[in-house]
Structures are given as structure tokens and as C-alpha cells.
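The next block holds one structure in the form of C-alpha cells; read it before the comments.
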Amino acid sequence: MTLSRISLIFILTFSLASCSKKHEGTLRNQSIRPLVKNEITKLNSAVIDALKNKDQKKLTDLMTADLRASVNETLTPFLEQTSSIIKSKGFSAVDEYHTVKQEAQNDVTVISGNETDNDYIIQYHSPSEESFVSILEPKRDGDRYLVTTFYTRVDDQWRLNTLQFGRYTISGFTAPELFRMAEKEGGKDHLIPAINHMVLSNTCMTPAENNWQYRIAAEMDAFNQSLTEKAQVIYPMPLMITEITTQPEIFKIMPQRVDNQICTMIKYRSDINIKDTTALAAENKAMHEMASTLFPGISEDLPFVFYRAFNEIPKEEISTPYFGFVRPVEGNFPTTGK
């Protein structure tokens, strides 16, 4: 055997050993080895397909034994939810993280960054030294949702150890972006618009449930708490409008989305029979004329204010008849009943 052949064998052996050696720590996105990334992409494709088609067997075949045992009762409603939203096999990876630690049974924290409001922290438990997280966005119109897959390496195979699904944006905005909009409204003393934005922010605050936390979560929580306390003082519910002779009683104010705009819905109890639409409309007209004074900002730069009149305050999970009004900020208005 010649020296050059010995050298070639040594180089090949060294190269293969180097390729098989795992890093220690966390690699992100383009830093992840293509071989590992390709393995995970195939698994993620199978996960998205199972979520789209409510394929329980396909999904459970990918899971660790522990996850499979823990999801028996919750998997069917989970798949009902995902299949109603995911209509395409297409998806993109927002972020991916490959972590290797020396110890089995370890807690892992990955941080997307420390500069922007949308930066986030993901925390999870891995039962093995090697784990992988993919944050996936299914292809769809409208609000964006995320599927977050947590894999662990078991007997030299990747297994799904945790799976999360949640809303990422509402009306085109993430939770931190809606929070900043709420802050702006609050700075103008527009309490109801500020609360509307925070209500929506809270619904997309944790797209991967308890595994996800935005970098500015504490700031968002503190602002939300201050808004709630202020609203309880200024607008105690139910709120009777004594300036109107029929004294309608507002019991709930909430956001109403119109395309990518966030309007206001006011729900109230009226002593006028909701079948008497003429008298009900007169009462509502009087209420609408006062609304901008009562609730500053609800009509600023927005097309509509929405109302629902009830004869009794609805009880939870009981359908209660109402009559609805959609009031343009200016001009005439259509009505809808139920």
C-alpha cells in the first residue's frame, strides 16, 4: 500500500468521524446540518399531513411512547381543531433549533433574539441528549397559525415528544404588535380601543402554549392588568345609560373585527321588546349618538360600531335572542336580527 493511499484512507476516516461528531449546544436554521434538517423536514411533512387529514394513527406513529399514552382523550378534539384550519399540505419553517446536551433528561431554553418585540423564548423538557424544535407555519389565507414540533432522539430515531398548535396573528398583527397599538390608544385615553387590542393580543400571546413566551411578556401582562383595573373603575359592568329615558344597560364591550380593522361591539340589555324594531332602533340611535363621548376613540378612523340588544343578559352556553345594529360612523346603517 502506498503512502498516498494510506493518506487517502486516513483523510476519509477523519472526515467521516468529523461528520458523525455531534455539536454541543444549539444550532439554528442555516447552521443545522443538512442531513439532520432533511430528516426533520420529512417528519414535519408527515405531521402537517396528519393534522390536515385528522389522521390519528399517522400522528401517533411519530410519537414517543410517553406522548402517545398521554394524548388518548385529547387527540380527537385537537385534530378536529387543526383540520378545520389547516387545508393545505404546504408549510414553511419559521425557525428551527437543534440542541445537543451531555445529559439525558434536560431542560432546554432557546431564544430567538433580544432586540425586537416579536422575539420569543421557547422552553421544553427533553428526555434525551438530542432534541429538535421546528416552528412551522401552515400555508393558509387570513390569520397565521403555528405548528410547533418538539422531537427527541430515541434509539437513534427522531420521535415527536411535544406538539403545539396556536394562532400567531390576528388581523395581520402579532400579540406584541397588538400590544403596542393598545399602548398607543391608551396614551390617547382611548380605554375601550386599548382594551380591544389587548383582548386580541391575549388570544395570540402563546402560539405554542406554555412552551412559548414573548421577550416582552412581562411588560404586556403589566399593561393588560393596568387596563383591566382602570376599566373596572371607569366602566363598572353592567353600565346603565341613565341619560337615555329607556335606560339601556351595557353588560359587555368587546372587539369586532372587520377585515384587518378592529372595531367595537357593544352588547346591552333593553327593556324594549327586541321584536319592536322601530322603538329599539330609536333607543339605539340615541345610544350611538352618545357612544363616542362615553367611550372615546371607538369611532376614530374606524368604519363601524356594532351593537346587540338583548331583553335579558345571556347566560353562558345558552342561546339568547338579540337584535343587532351595525352603525357606520357616518351616514345610514343596516340592521341585522337573530
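All of the numbers you see were taken from the coordinates with simple rules; none came from a lab. Worth saying up front: this structure is predicted, and the values here are computed from it rather than measured. Backbone-built Cβ (ideal geometry, glycine too); neighbour counts: all protein chains shown.
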Spherically averaged projected area in nm², based on the convex hull that wraps the Cα atoms of region 39-106:
5.7
Above-threshold pairs, the threshold being 25 Å between Cα atoms, out of Lys22/Lys89; Lys57/Lys89; Lys54/Lys252; Lys230/Lys252; Lys58/Lys87; Lys87/Lys315
Lys22/Lys89; Lys54/Lys252; Lys87/Lys315
Counting only DSSP beta bridges fully inside region 239-337, the antiparallel percentage to nearest 5 is 80
Subtracting the Cα-Cα distance of Gln30 and Ile111 from 0.36 nm times their residue separation yields 27.6 nm
Could you tell me what percent of the DSSP beta bridges with both partners in the chain are antiparallel, to the nearest 5?
90
How long, wide and thick is region 239-337, going by the Cα atoms along their three principal axes, in whole angstroms, largest first?
32, 31, 24
Sequence ranges 32-41, 149-158, ranked by mean other-Cβ count within 10 angstrom, highest first
149-158, 32-41
Of Leu280, Pro321, Cys263, farthest towards positive along the dipole that unit charges on Lys, Arg, Asp, Glu beta carbons give region 239-337:
Pro321
Give me the base-10 log of I(q)/I(0) for region 51-183 at each q in 0.10, 0.12, 0.17 Å⁻¹, Debye formula, one uniform scatterer per Cα, rounded to two decimals.
-0.38, -0.54, -1.03
At q = 0.10, 0.15, 0.16 Å⁻¹, the log10 of I(q)/I(0) for the chain from a Debye sum over equal Cα scatterers comes to -0.76, -1.19, -1.27
Given charges at Cβ of Lys, Arg, Asp, Glu: the chain dipole, positive-most of Leu239, Pro77, Ser226
Pro77
Could you size up the charge dipole of region 239-337 around its Cα centre, putting +1 on the beta carbon of Lys and Arg and -1 on that of Asp and Glu, and report it in debye to the nearest 20?
200
Would you mind calculating the gained length between Glu229 and Ser92 on full extension (0.36 nm times residue separation, minus the Cα-Cα distance), in nm to one decimal?
45.3 nm
Magnitude of the Cβ-charge dipole of the chain, K/R +1 and D/E -1, about the Cα centre, nearest 20 debye?
1180
So if I take the alpha carbon set of region 138-232, get Rg, then get Rh from the Kirkwood formula, what is the Rg over Rh ratio?
1.12
